[in-house]
Amino acid sequence: MMATAGAVRNASPTDTTTTRALLTCGVVAGPLYIVVVAIQALTRDGFDLTRHPASLLSTGDLGWVQITTFVVSGMLTIACAVGMRRVLRPGMGGTWGPLLIGAYGAGLIAAGVFVADPADGFPPGTPPGPADPVSWHGAVHFVVAAIAFLALVTACFVFARRFASLGQRGWAAYCVATGVIFLAAFAGIASGSGAPALNVAFAVAVLLGWTWVSVMAARLMTEDASGG
């Protein structure tokens, strides 16, 4: 049994309960984000996933819903990162894995604080095409979102290396696949082409990324009991 699992096993009941509660935040964060965004995408007038990123849901009269979703899911992700660190230290991935997950959470909070600009006909009444000019908060939103996405991608590879070192090839492959798919989708949307296929691909990548976060949190919750 690896040292990290032993550390969890030797923790007090209170510490173990706290760690599980923190990791549960990560299990919940992904489904919460996905469900709220999906409901908005289906119900908000004029929103089209083939044209609009989820960030545009932060605009308009109901923009507070997405802003709140960014902030709450970010806070849950940071809590999860703390739980991950408690489980993984001092083993491989115990420093950079949680830090990168925490950076992803912080980026989500910042994305809620610095709201994207209306664009491409959303909310209704917005001229077609990209925002022109781009506001300062719209520019910051793009930067913090990019940092958050790259942190998540890098975290996938950090966890892949950890699982590979433990001989858990299936988990390592899952992490690598998620990181590669997300990076490719992000590169596509960052190109600014606005192609519907790229927008849909990125939406799918975000779904896969959130699923990965929740799965990793759940995996670490059960790791000690399952023998790693």
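The values are calculated or read from the model by the stated rules, or taken from the named source; none is laboratory data. Quick caveat: nothing in here was measured; it's all calculated off a predicted structure. Note: ideal-geometry Cβ built from the backbone for every residue, glycine included; neighbour counts use all protein chains shown. Only protein heavy atoms, including side chains, enter the accessible area calculation; ligands, DNA and RNA are left aside. Shrake-Rupley method; radii C 1.70, N 1.55, O 1.52, S 1.80 Å.
One table, with the values for the structure above:
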item	result
Relative contact order (%) - segment 143-189, alpha-carbon pairs under 8 angstrom, separation at least six	39
Summed residue charge, Cβ within 9 Å of Gly94's Cβ, Lys/Arg positive, Asp/Glu negative	+3
Value of relative contact order over segment 116-228, rounded to a whole percent, pairs C-alpha under 8 Å and six or more apart	16
Value of Rg/Rh across segment 115-228 [Cα atoms, Kirkwood radius]	1.10
Highest average packing first - 99-108, 207-216, Cβ atoms within 10 Å	99-108, 207-216
Listed candidates (i) 12.0; (ii) 17.7; (iii) 15.1 - label of the one calculated as mean projected area of the Cα convex hull in nm²	(i)
Accessible-area composition of segment 112-228, carbon plus sulfur, in percent [1.4 Å probe]	74
Candidate residues Val28, Val158, Val134: accessible-area rank, largest first, probe 1.4 Å	Val134, Val28, Val158
Percent RCO, i.e. relative contact order, over segment 53-163, from Cα pairs under 8 Å lying at least 6 residues apart	30
With every protein chain in place, segment 26-91: carbon and sulfur % of accessible area (1.4 Å)	71
Surface accessible to a 1.4 Å probe, per residue, for the residues of the chain, Å²	46
